[in-house]
Amino acid sequence: MKKKTILMSVVVFLSAAGLAQAQQGELHGAVDLTYQSKYVWRGFDVYGDKSAIQPSIDLDLYGTGFGVSLMGHRANSGEFENSERWDYTLYYYNSLFEGETYVTNYRLDWVYYNYPDNSSHTTSSLDLQEINTIFSWPKILPIEGLVPSYVLVKLWPSNSGTIVGARSPTGGTASGWAHIFMLDYPLTVPGFLPETPEQVLNLHTELIYNDGVAPDGGGARGPADHDWSNAVFGVSTDFDLGNNLSFTPGIYHQITMDDSINDDKDETWVALNVRYKF
């Protein structure tokens, strides 16, 4: 209860900060629903090749740079109830060195990963916390639109005396670091529909160095190795449905370099997203 009280207190504080700036901006956000044919999270096939749905809501607090979001992860199979998760995120974003070629966009997140079917007050709890920082450099490369990004992740058990912490049956732990290197490029191609002469394909790649992070302490595999774990390649595109509604299909392929992350060397999945912005 104490942890949830702290979480709510922080949310209220950030909301109050946003309300204090209400005259300088407006409340913006998005509500969306994503279907994934597989839920692959940082290389881990969370639901064993089963599909998942992910509802979410994101609120940008009046242009202050602060925001809050809530995202759910639910398997479309009855055998993964204990692995279903809600992510509560508080974030702040801004930019440095405006007007320079090395302009840096950054975002700082604090995330609470809550598994509601596992009480946070027992040793069976899977609850985790995370701090991550995302840096991106939209002008640093000579190719317009080609944007490199870097994510630094620190993950730890919400309660150290649980099966994802000191009481892990395999000796693993969810505590550790991860380094994610990303590259994005918007490729313009002829439109797919008669009313759209051009279509933008969002090309995405990422390479992850896993420094001991595993969402379940490694589970039956034991602790995660400290090594380059996986690479992901993807392409998605947006279709404007009107009235602030959009549809985004995407396809992704993962190459796994480390068996402690994923027993399958290759993973391919499809994501379908419907989003309403306000």
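The values are calculated or read from the model by the stated rules, or taken from the named source; none is laboratory data. This is a predicted model, so every value here is computed, not measured. Every residue, glycine among them, receives a Cβ derived from its backbone with ideal geometry; neighbour counts consider all protein chains shown. Surface areas here come from the heavy atoms of the whole protein model, side chains and all, with no ligands, DNA or RNA. Shrake-Rupley method; radii C 1.70, N 1.55, O 1.52, S 1.80 Å.
Structural remarks
- Solvent-accessible surface of the stretch 20-144, taken per residue with a 1.4 Å probe and all protein chains present: 51 Å².
- The spacing between the stretch 80-109 and the stretch 240-264, judged by their C-alpha centroids, is 18 Å.
- Put a plus charge on the Cβ of each Lys and Arg, a minus charge on the Cβ of each Asp and Glu, and nothing anywhere else: the dipole of the stretch 236-278 about its Cα centre is then about 440 debye.
- Ile251 versus Asp227: modelled label distance in nm, points set 7 Å from Cα along the beta carbon direction: 3.0
- Theoretical FRET efficiency, 1/(1+(r/R0)^6), r = Cβ-Cβ of Leu193 and Lys154, R0 51 Å, to 0.05: 0.70
- Here, P(r) means the percent of Cα pairs in each 5 Å bin from 0 to the largest distance; for the stretch 17-134 it is 2, 10, 15, 18, 18, 14, 10, 7, 4, 2, 0.
- Surface composition of the stretch 221-278: carbon plus sulfur atoms contribute 57% of the solvent-accessible area (1.4 Å probe, protein chains only, all chains present).
- Label-reachable residues, the stretch 134-157, where backbone N falls under 20 Å from a point 7 Å from Leu201's Cα toward its Cβ: 143-148
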